[in-house]
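Throughout, read-outs are computed from the coordinates displayed, never taken from laboratory work. As the structure is a prediction and not an experimental result, all values here were calculated from the model.
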Amino acid sequence: MLYVFLLITLASVVFAFRLKKPLLLSLPFASIFAYLIVQIAMVPLGFFETLKFIFQLR
């Protein structure tokens with residue numbers, strides 16, 4: 001999975017400079033955020049219960 005994120009980052013940097021679109025540099029952050037949401041959704045509890053559990057850990 002690390003290699004997928006590295007590939008996304010490398011591709012977005014290359015295309016951002018080639019196409020002169022700096023908005024493409026936000027793609028790696030968006031993909032990590034989407035991966036986080038998918039991993040949270042895979043927990044068998046409800047979504048908000050899972051979030052409460054994650055943020056109550058100390």
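Observations on the structure shown:
- Helix 47-56 vs. the chain, principal-axis angle (Cα, 0 to 90°, nearest 10): 90
- In Hz, Karplus ³J(HN,Hα) per residue of segment 5-14 (6.51, -1.76, 1.60; θ = phi - 60°; x = Gly, Pro): 5, 5, 5, 4, 5, 4, 5, 5, 5, 4
- Relative contact order for the chain, counting Cα pairs under 8 Å that sit 6 or more residues apart, in percent: 23
- Potential lengthening between ILE32 and PHE47 on full extension [0.36 nm per residue; Cα-Cα distance subtracted]: 3.6 nm
- Taking Cα atoms only, the orientation of helix 27-41 departs from the longest principal axis of the chain by about 20 degrees.
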